[in-house]
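Asks: Sharing a structure below in structure tokens format, with a few things to ask.
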Amino acid sequence: QVQLVESGGGLVQAGGSLRLSCAASGRTFNYYSIGWFRQAPGKEREFVAAISSNGGSTSYADSVKGRFTISRDNAKNTVDLQMNSLKPEDTAVYYCARRRYSGTSYYSSAYDYWGQGTQVTVSS
């Protein structure tokens with residue numbers, strides 16, 4: 001059983017930064033890609049960023065490109081999402097998820113294990 005636990009959410013003013021972390025259980029963490037998704041109230045869950053199993057490939061939603069950076073540390077079983085220049089429209093619950101393949105995907109259906117989410121609120 002894989003467990004994913006997000007942390008690092010909170011309240012920040014527009015223009016500020018937050019760093020989210022996703023900690024995963026299991027000894028095969030380095031086999032799988034990890035994605036970050038978010039869901040705002042009344043909206044569908046949307047892709048934010050993803051990183052391949054070895055960290056060599058990353059992908060971002062257009063809305064966060066240039067502001068967010070995804071990284072991973074396979075020795076620590078963690079994936080971080082550095083979020084800079086935050087905007088009120090970034091307000092959402094952020095989820096990390098595991099994809100049972102080495103490559104990334106934009107589609108939530110491609111991911112099989114999900115964390116419980118962490119709230120990010122950006123005030124204007």
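Asks: Pick from R99, R67, R38: which is most flexible by mean-square fluctuation in a GNM of the chain where alpha carbon atoms under 10 Å apart are linked?
Replies: Top of the fluctuation ranking is R67.
Asks: Build a GNM of the chain with springs between Cα atoms under 10 Å: which of S25, S53, S102 gets the top mean-square fluctuation?
Replies: Largest GNM mean-square fluctuation: S25.
Asks: Among the aspartates and glutamates, select those whose C-alpha is under 20 Å from the C-alpha of K76, and discard any that sit fewer than 8 residues away in the same chain.
Replies: E6
Asks: If you don't mind, another one. For the chain, what is the accessible area per residue in Å² when the probe is 1.4 Å?
Replies: On the way: 6470 Å² over 124 residues.
For the chain, the solvent-accessible area averages 52 Å² per residue.
Asks: Next question. For segment 1-123, which whole-number percentage of the solvent-accessible area (1.4 Å probe, protein heavy atoms only) is attributable to carbon and sulfur atoms?
Replies: Details: 2860 of 6340 Å².
That share works out to 45 percent.
Asks: Show which lysines lie in cross-link reach of K43 when reach means a straight Cα distance below 24 angstrom and same-chain residues fewer than eight apart are skipped.
Replies: K65, K87
Asks: On to the next question. Just to be sure I understand: with springs between alpha-carbon atoms less than 10 Å apart, which residue in S63, S33, S108 has the highest mean-square fluctuation in the Gaussian network model of the chain?
Replies: Comparing S63, S33, S108 in the GNM, the peak value goes to S63.
The values are calculated or read from the model by the stated rules, or taken from the named source; none is laboratory data. Remember, predicted model here, so these are calculated numbers, not experimental data. For the accessible areas, the whole protein counts, side chains as well, though only heavy atoms, and no ligand, DNA or RNA atoms are used. Shrake-Rupley method; radii C 1.70, N 1.55, O 1.52, S 1.80 Å.
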